[in-house]
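Here the structure comes first, spelled out in structure tokens, and everything after it is commentary.
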Amino acid sequence: MNDVLTVPEWHEEVNLHSKITLVVVDMQKLFLTDKKSPWMDKKLLSIIPNIKKLIEILGEQNVIFTRFMPPKNWQDEHGSWQAYYKMNQKVTTRILGTGALDIIDDFLPYVANASVASRKKSASAFMAGNFHSKIKKQSVQILIFTGIETDYCVLSSVLDAIHLGYFVIVVMDACASSKKQGQKHAQGIFERFPEQLWITSTDDLIKHFQNHIKN
């Protein structure tokens with residue numbers, strides 16, 4: 001991954017008083033801790049400390065956790081989504097159960113004061129759920145993306161955010177992919193939007209906020 005990250009001109013104006021929301025994408029047992037899930041990958045757990053750091057500095061009230069919600073049965077879906085879940089029946093709630101859809105225990109202390117947005121049939125947080133209505137009510141202008149997976153649900157959500165006119169920050173070391181080249185490939189796409197997207201790291205973003213506090 002390149003050491004030089006994308007920094008747009010507008011990043012200088014971003015501070016803790018901005019209309020900003022931290023989006024924590026799909027940090028669920030389904031992907032991280034449930035051993036019955038075929039999608040579980042323990043290496044994705046490595047980003048938890050960085051996400052916690054960002055929650056602490058931004059405040060729980062400025063955080064939205066997203067949840068991906070598979071159907072009960074694959075037959076309940078239509079079109080290509082039915083084909084998708086027919087191939088991935090083991091993640092339907094009839095087989096896996098609903099407990100796997102919960103946010104992992106590491107973030108439970110934050111959930112009470114944060115928001116949770118659930119969605120079905122979409123990699124993007126903006127589709128088929130209540131995520132967009134929540135941030136519109138708060139007049140959010142800037143979205144900081146963290147979570148999993150960088151090259152799937154995070155990527156889809158970031159692209160929709162850009163298309164809808166939001167200023168976007170992606171914290172690369174607070175995102176993770178189960179694919180070996182997932183981070184690299186996603187960053188390559190993010191770099192195509194240098195005017196609208198700020199690619200950064202956890203420490204650099206926190207340092208940026210702290211410098212604004214001092215000034």
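When Rg and Dmax are taken over the Cα atoms of the range 118-184, they come to 11.9, 38 Å. Ignoring ligands, DNA and RNA, what percent of the 1.4 Å accessible area of the chain is carbon and sulfur? Carbon and sulfur together cover 50 percent of it.
How many Å² of accessible area per residue for the chain, probe 1.4 Å? Write down the numbers at each step before the final one.
Numbers: 10700 Å² over 215 residues.
Per residue, the chain has 50 Å² of solvent-accessible surface.
Could you rank W74, W198 by how accessible they are, 1.4 Å probe, largest area first? Please report the intermediate quantities before stating the final value.
On the way: W74 50, W198 10 Å².
Of W74, W198, the descending order of accessible area is W74, W198.
Beta bridges assigned by DSSP with both partners in the chain are antiparallel in approximately 5 percent of cases.
The Cα center of the range 142-215 and the Cα center of the range 51-112 differ in position by 20 Å. Taking the range 110-215, which GluC sites (Glu not before Pro) meet the DSSP loop condition and have no more than 16 other C-beta atoms within 10 Å? Qualifying residues, ordered by number: E191, E195. Helix content alone sets the calculated 222 nm mean residue ellipticity of the chain: runs of n ≥ 4 DSSP H residues at -39500 (n - 2.57) each, divided across all residues, give -8500 deg cm²/dmol.
Projected onto planes of every orientation and averaged, the convex hull of the alpha-carbon atoms in the chain covers 11.7 nm².
Sort 123-129, 43-49 by the packing proxy (mean of other Cβ within 10 Å over each peptide's residues), most packed first. Intermediate results must be reported in sequence, preceding the final value.
On the way: 123-129: 20.1, 43-49: 15.7.
In decreasing order of mean packing, 123-129, 43-49 become 123-129, 43-49.
The values are calculated or read from the model by the stated rules, or taken from the named source; none is laboratory data. Being a predicted model, the structure only gives us computed values, none of them experimental. Because the Cβ atoms are built from the backbone with ideal geometry, glycine has one as well, and the counts that use them run over all protein chains shown. These accessible areas exclude ligands, DNA and RNA; they are computed on the full protein's heavy atoms, side chains included. Shrake-Rupley method; radii C 1.70, N 1.55, O 1.52, S 1.80 Å.
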